[in-house]
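All remarks here apply to the structure that follows.
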Amino acid sequence: MAALFTKFCSQALTIFLLLLPALFSQSYAGVIVVYWGQNGGEGSLTDTCNTGKYQIVNIGFLSKFGNGQRPEINLAGHCNPASNGCQGVGADIKNCQSKGIKVLLSIGGGAGNYGLSSEADANSVADYLWNNFLGGQSNSRPLGNAVLDGIDFDIEKGGPYYATLARSLSDYSKRGKKVYLSAAPQCPFPDQYLNGALSTGLFDYVWVQFYNNPQCEFTTSNPNAFKNSWNKWTSSINAGQFFVGLPASGQAAGSGFVNPNDLKNQVLPFVKGSPKYGGVMLYDKFNDDRSGYSSQIRGSV
């Protein structure tokens, strides 16, 4: 009987030791998110997903919408939607999704002609997004019949009605497939354009842009500026997960690039203390290709 008990304990200990690394890795696991679409030299969306580096890809950007305009997507050097030239991206989206990678459409961006003039305008844009990129139907879907996983709000201009847009898009989740909502606010809190939308509590992912904003970026000389900003965001906004948004190279932004070793040794150990930690967002795939940033950090995210 004693021998049997000893054998049982030995087997239980072996199983525990085998599971231990998995338990720890799950508790600290984050993912890398990347923006794709603004440089023809970054390869296709299929190439991006086939790297195995990214778990969420934001297609950027739907840079014209609202104010009664017909919305337009701009994929820079990749294809011309005006001539239906981006239909092939739909197959790329399906390839990514088959690998478990979420693909979102990012609306807005740093340039473009967009904004919302009223609640009716916001609801109209939501209807357009649903019918042309999500689970609805239209004869003019710019990316073909692929159904994207959600909408990313990279809003840097344009009116107080983005909360209405978020609510309308969220309501479509009731029709079947969930519509994920994400946002890329600037790190100074609250965000000038997105605070109303983020205050709805409807967002699954928030990748805060800790770049082009020196007052809240990470620097080794003043790490508390970043830490205080991160704590403010994660304690003030009700969202599913928060991500550290960074430029993928020193050329991708005016300021805010973080050396990979500093990220691994100082930034990530700190942000992983938050139960809402989701990972790292990089802008963008083109710059990541040239710097190799994601390859250098992926084992630590």
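The values are calculated or read from the model by the stated rules, or taken from the named source; none is laboratory data. Just so we're clear, the structure is a prediction, and the values are computed from it rather than from any experiment. Here the Cβ positions follow ideal geometry from the backbone for every residue, glycine too, while neighbour counts run over all protein chains shown. Side chains are part of the model used for accessible areas, which takes the heavy atoms of the whole protein and leaves out ligands, DNA and RNA. Shrake-Rupley method; radii C 1.70, N 1.55, O 1.52, S 1.80 Å.
Annotation: residue 257 carries an accessible surface of approximately 90 Å², with a 1.4 Å probe and no ligand, DNA or RNA atoms counted.
Counting heavy atoms of the protein chains alone, residue 124 has an accessible area of about 70 Å² for a 1.4 Å probe.
Separation of the alpha carbons by more than 27 angstrom is noted, of 94/227; 64/264; 64/285; 99/276, for 94/227; 64/264. What the Cβ-Cβ distance of residue 72 and residue 235 gives, at R0 = 41 Å and to the nearest 0.05, is a FRET efficiency of 0.60. The local environment of residue 72, defined by Cβ-Cβ distances under 15 Å, has a net charge of +3 under the rule Lys, Arg +1 and Asp, Glu -1.
Residues whose amide H falls under 5 Å from that of residue 241, counting only those 5 or more places apart or on a different chain, are 205, 206, with hydrogens built in the peptide plane.
Relative to the dominant Cα principal axis of the chain, helix 162-171 is inclined by about 70°.
Between residue 120 and residue 212, the modelled label-to-label distance comes to 3.3 nm, taking each label 7 Å out from Cα in the direction of the beta carbon. Each residue of segment 114-126 is assigned a 3J(HN,Hα), and the resulting list reads 8, x, 10, 9, 6, 5, 4, 4, 4, 5, 5, 5, 4 Hz, derived from the Karplus form 6.51 cos²θ - 1.76 cosθ + 1.60 (θ = phi - 60°), x at Gly and Pro. Dividing the summed helix terms, -39500 (n - 2.57) for each DSSP H run of n ≥ 4, by the number of residues in the chain produces a 222 nm estimate of -10000 deg cm²/dmol to the nearest 500.
Rolling a 1.4 Å probe across all protein chains gives residue 86 an accessible area of roughly 0 Å². Evaluating 6.51 cos²θ - 1.76 cosθ + 1.60 at θ = phi - 60° for every residue in segment 212-226, the Karplus couplings come out as 6, 9, x, 5, 9, 6, 7, 9, 5, 7, 9, x, 5, 4, 5 Hz, glycine and proline recorded as x. By the Stokes-Einstein formula, at 1.567 mPa s and 4 °C, segment 116-274 with its Kirkwood radius over alpha-carbon pairs has D equal to 77 µm²/s. Among the trypsin sites (Lys or Arg not before Pro) in segment 86-123, those placed in a DSSP loop whose Cβ has at most 15 other Cβ atoms within 10 Å are 99.
Taking the longest Cα principal axis of the chain as reference, the axis of helix 2-28 is set at about 30 degrees. One way to sum up the overall shape of segment 117-193 is the equivalent ellipsoid from its Cα gyration tensor, whose semi-axes run 23, 14, 12 Å, largest first. Other residues with beta-carbon under 11 Å from the beta-carbon of residue 123 carry, at +1 per Lys or Arg and -1 per Asp or Glu, a net charge of -3. Only Cα pairs under 8 Å and 6+ residues apart enter the sum, and on that basis the relative contact order of the chain stands at 17 percent.
Taking every DSSP bridge with both residues inside the chain, close to 5 percent are antiparallel. Neighbours of residue 286 by Cβ distance under 13 Å: Lys/Arg scored +1, Asp/Glu scored -1, total -3. The slack between residue 111 and residue 173, meaning 0.36 nm per residue of separation minus the straight C-alpha distance, is 19.4 nm.
Expressed as a fraction of 2.2 N^0.38 Å, the C-alpha radius of gyration for segment 23-90 is 1.42.
Here, segment 213-294 yields an orientationally averaged convex hull projection of 5.3 nm² when only Cα atoms define the hull. Over the chain, the reciprocal of the mean inverse Cα-Cα separation, the Kirkwood hydrodynamic radius, stands at 20.2 Å.
Annotation: amide H-H contacts under 5 Å for residue 281 (H modelled 1.01 Å from N, sequence separation of 5 or more, or interchain): 33, 244, 245, 246.
Phi-derived couplings, Karplus 6.51 cos²θ - 1.76 cosθ + 1.60 at θ = phi - 60°, listed residue by residue for segment 51-67: 5, x, 8, 10, 9, 9, 10, 9, 7, x, 9, 7, 9, 9, 6, x, 6 Hz, with x used for Gly and Pro. The convex hull of the Cα atoms of segment 51-207, projected and averaged over all directions, covers 9.0 nm². Near the amide H of residue 150, within less than 5 Å, lie the amide hydrogens of 105, 180, all on another chain or at least 5 residues away, with H placed in the peptide plane.
The translational diffusion coefficient of segment 53-111, from Stokes-Einstein at 25 °C and 0.890 mPa s with a Kirkwood hydrodynamic radius over alpha carbon pairs, comes to 196 µm²/s.
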